[in-house]
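Shown next, in structure tokens, is the structure this report addresses.
The values are calculated or read from the model by the stated rules, or taken from the named source; none is laboratory data. Since this is a predicted model, take the numbers as computed values, not measurements. Counting neighbours? That spans all protein chains shown, and the Cβs are built from the backbone with ideal geometry, glycine included. For the accessible areas, the whole protein counts, side chains as well, though only heavy atoms, and no ligand, DNA or RNA atoms are used. Shrake-Rupley method; radii C 1.70, N 1.55, O 1.52, S 1.80 Å.
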Amino acid sequence: MNVPAAQTITVALGQRSYPVWIGAGLLADHARWRAMLRGRHALVVSNTTVAPLYLPRIERGLAGLHWSSFLLDDGEAHKTFANVGRALEALGQLGATRDACVIALGGGVVGDLAGFSAACWMRGIDFIQMPTTLLAMVDSSVGGKTGVNLPVGKNLAGAFHQPRAVLADIDTLASLPGREYRAGLAEVIKGAAIGDEPFFAWLERHADALAVRDPAAVLEAIARKVQYKAGVVARDETEQGERALLNFGHTFGHALETAGHYTTLLHGEGVAVGMLLAARLSERLDMSEAAATARLQRLLEAVGLPVAIPSGMDPQQLLALMRLDKKNAAGMLRLILWRGIGRAEIVGGVDEAAVLAVLQAAG
Ligand code: NAD
Ligand code: GLY
């Protein structure tokens, strides 16, 4: 099989700029990532599923350093303050100094917690993201949002803390369960739907190749999504404006995830259905055409993502959940809608009756 050449995308943030490397065999390319470590201490944060599979690939690259690993149990439930405390304890045990580095080896749960731990230790040390899920490669490892969940809600404690490098080894996707892989594709499609029509058309042409994880198509899709996100982050690092567009489909999606008690839908699946609902709402509000909605639905279906609200969910309850979204202002719904493919925008004061009608029609 042809192994596509690795790509490098830069997140341009002045002195805090960093590379995102995407390619095959990168974990074992020790010289590449080891050059990013400034000191003599490293803590690898991973989990009990990923570490047995991929920690051996980086171990030899850590030779000569004082390093140890901190492994989370698998699952979103472990993205907690208590585990940040344990990661900081592990840094303490290591005698980690200001020039130490935290290495996040895993999906978004590991990356968010490891990044937040790095942000806290001595008020901020380096960290390197080594994402092993498609979602983490195209979304969570890039852009510096780190954090943990609190009993009152997801991702409510955190910090903006940019990594020093991101190393996305696409070989790791071979062991990723199909549902997790497809959930990552939803975040790829989202980037194209928000702001990159040519990329959306490319995804339509390569949907079959992506569905079977063709390495060249996967690498190209990751690189184009990361390129798009890197641009957004460079222009609006702390989400004062444009970065909010990355939440396309998320207000509907979060409501669906919550109504399903986080067991019915994965986050990316909620985003897939949520994007379609946002497209239908845009159509109802005369912002976009039915043809754009149809293209989005066809692409989601082509890669095997869900496009319907799971049975048994109550539209009134979903609307109530949407009212709790962080983006809302002055008691009014504020949503990311679109004017067609590649043209998303933030819309405030959205008519609740129209939202309810879209939810009822999709039930
Ligand atoms: P995850 O980290 O829970 O990983 C999904 C599952 O895949 C887990 O069971 C994990 O152990 C397993 N896994 C990981 N890599 C594997 C591999 N290569 N082979 C086999 N199994 C593997 O979930 P995720 O979807 O990667 O990330 C979701 C998290 O990311 C959420 O906590 C979400 O809040 C966060 N997130 C953060 C941002 C951000 O900007 N920081 C953006 C999006 C999502
Ligand atoms: N996942 C949304 C963001 O990084 O802003």
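The residue pairs whose first member lies in segment 292-303 and is open to solvent by less than 10 Å² (accessible area, probe 1.4 Å), whose second member is at pLDDT 95 or above and outside any helix (DSSP H, G or I), and whose beta carbons are closer than 7 Å, counting only pairs six or more residues apart or on different chains, are Leu300/Val307.
Restricted to segment 140-155, and to residues there that are polar (S, T, N, Q) and open to solvent by less than 60 Å² (accessible area, probe 1.4 Å), the residue that is nearest to ligand 1 (Cβ to nearest atom) is Ser140.
Figure legend. Inter-residue proximity from segment 155-168: first residues closer than 17 Å to Arg38 by Cβ, second residues open to solvent by 30 Å² or more (accessible area, probe 1.4 Å), beta-carbon distance below 7 Å, spacing 6+ or different chains. Indicated pairs: Gln162/Arg16; Arg164/Met36; Ala165/Met36.
Number of residues in segment 310-334 that are within 22 Å of the chain's Cα centre (by Cα), in a loop (DSSP other than H, G, I, E, B) and either buried (at least 18 other Cβ atoms within 10 Å of the Cβ) or not charged (D, E, K, R) (or both) equals 2.
Within segment 231-264, the set of residues being in contact (Cβ under 8 Å) with a residue 12 or more places away in the chain and over 28 Å from Ala329 (Cβ atoms) comprises Thr264 only. Taking segment 17-54 as the range and being more than 13 Å from ligand 1 (Cβ to nearest atom) and either assigned to a strand (DSSP E or B) or of a type in the set (Ser, Thr, Tyr) (or both) as the test, the residues that pass are Ser17, Tyr18, Pro19, Val20, Trp21, Ile22, Gly23, His41, Ala42, Leu43, Val44. For Leu156, the conditions (1) within 16 Å of ligand 2 (Cβ to nearest atom); (2) outside any helix (DSSP H, G or I); (3) modelled with pLDDT of 95 or more are fulfilled apart from (3). Note on segment 103-139: among residues that are within 15 Å of ligand 2 (Cβ to nearest atom) and more than 17 Å from Ala87 (Cβ to Cβ), the one that is surrounded by the most Cβ atoms within 10 Å (Cβ to Cβ) is Met137. Right, Ser282: at pLDDT 95 or above, away from ligand 1 (no atom under 16 Å from the Cβ) and not in a helix (DSSP H, G or I) or not? Against the criterion (at pLDDT 95 or above, away from ligand 1 (no atom under 16 Å from the Cβ) and not in a helix (DSSP H, G or I)), Ser282 does not qualify. Being free of Cβ contacts under 8 Å to residues at least 40 places away in the same chain, of a type in the set (A, V, I, L, M) and in contact with a Phe, Trp or Tyr (Cβ under 7 Å, 6 or more places away or on another chain) holds for only one residue in Leu27, Leu43, Leu65, Leu88, and it is Leu88.
Annotation note: of Ala217, Ala207, the sole residue that is away from ligand 2 (no atom under 16 Å from the Cβ), more than 27 Å from Leu321 (Cα to Cα) and free of Cβ contacts under 8 Å to residues at least 24 places away in the same chain is Ala217.
Among the residues making up segment 311-349, a single one is among the small types (Gly, Ala, Ser), within 22 Å of Leu299 (Cα to Cα) and in contact with a Leu (Cβ under 9 Å, 6 or more places away or on another chain): Ala344.
Considering segment 30-40 alone, what residues qualify as being surrounded by 13 or more Cβ atoms within 10 Å (Cβ to Cβ) and either more than 29 Å from Lys79 (Cβ to Cβ) or without any contact (Cβ under 8 Å) to a residue 40 or more places away in the chain (or both)? Scanning segment 30-40 gives His30, Arg34. Looking across segment 138-153, the residues that are in contact with a strand residue (DSSP E or B) (Cβ under 9 Å, 6 or more places away or on another chain) and more than 15 Å from Glu237 (Cα to Cα) come down to Val138, Gly147, Val148, Asn149, Leu150.
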